[in-house]
Amino acid sequence: MSEATLAQLRERLEREGLSCIAVKGERTLTSTQRGIRPLLAWLEQGEDVSGGIAADRIVGKAAALLYALMNVRAVYAQVLSESGLAVLREHGIHAEYGVLTERIINRAGTGLCPMEEAVLGISDPAAARTALEEQMRRLRAN
């Protein structure tokens, strides 16, 4: 089987109603979970998509830092934040997107996404993972 392309991943994302998909060679990871949950789960499970490609519905700085930690080489985002694009570029990750937005807002539409808040002052992907896992624990506890 030939190497998957970002266009193929984008098409699958939309056709199958996925929130994200990552492909490396014959290995394909998919999820319908919202937010960064699938990325954190794949990291926790030790999934290796290093050198692979990914497509995601929404990529802000938080998701971009996790994709950098996963060492993917390219990401397509239906919606990509300016800070997410900056992180992807900083880590040499090719980025394509449907819509570029200033920032990712929370689900209530009242402010910044809590995951984005958690990584505001963070540029290191490993530190971002720790901060995001802590933020997830705090949100679940409330």
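The values are calculated or read from the model by the stated rules, or taken from the named source; none is laboratory data. Quick caveat: nothing in here was measured; it's all calculated off a predicted structure. FYI the Cβ positions are ideal-geometry reconstructions off the backbone, even for glycines, and counts take in every protein chain you see.
Annotation: G109 fulfils all but one of (1) on the phi > 0 side of the Ramachandran plot; (2) in contact with a Lys or Arg (Cβ under 7 Å, 6 or more places away or on another chain); the unmet one is (2). When L29 is tested against (1) surrounded by 13 or more Cβ atoms within 10 Å (Cβ to Cβ); (2) at negative phi; (3) under 12 Å from the mean Cα position of the chain (by Cα), just one condition goes unmet, and that condition is (3).
Residues checked against (1) part of a strand (DSSP E or B); (2) more than 21 Å from I104 (Cα to Cα); (3) of a type outside the set (D, E, K, R):
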residue: G35; (1), (2), (3): no, no, yes
residue: W42; (1), (2), (3): no, yes, yes
residue: D48; (1), (2), (3): no, yes, no
residue: A62; (1), (2), (3): no, no, yes
residue: L69; (1), (2), (3): no, no, yes
residue: V75; (1), (2), (3): yes, no, yes
residue: L80; (1), (2), (3): yes, no, yes
residue: L85; (1), (2), (3): no, no, yes
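Annotation: of all residues in segment 72-84 being surrounded by fewer than 24 Cβ atoms within 10 Å (Cβ to Cβ) and under 18 Å from A126 (Cα atoms), the one that is nearest to the chain's Cα centre (by Cα) is V72. Of all residue pairs spaced 6 or more apart or on separate chains, those with beta-carbon atoms under 8 Å, a first member in segment 109-129 that is closer than 16 Å to L69 by Cα and part of a loop (DSSP other than H, G, I, E, B) and a second member that is modelled with pLDDT of 95 or more and among the acidic types (D, E) are S123/E90. For segment 1-46, a residue qualifies if it is acidic (D, E) and more than 21 Å from L80 (Cα to Cα), and the qualifying residues are E3, E26, E44.
Among the residues of segment 1-33, those identified as farther than 27 Å from A127 by Cβ, hydroxyl-bearing (S, T, Y) and part of a loop (DSSP other than H, G, I, E, B) are S2, T5, T32. The set of residues from segment 87-108 being assigned to a loop (DSSP other than H, G, I, E, B) and closer than 20 Å to L40 by Cβ comprises H91, I93, I104, N106, R107.
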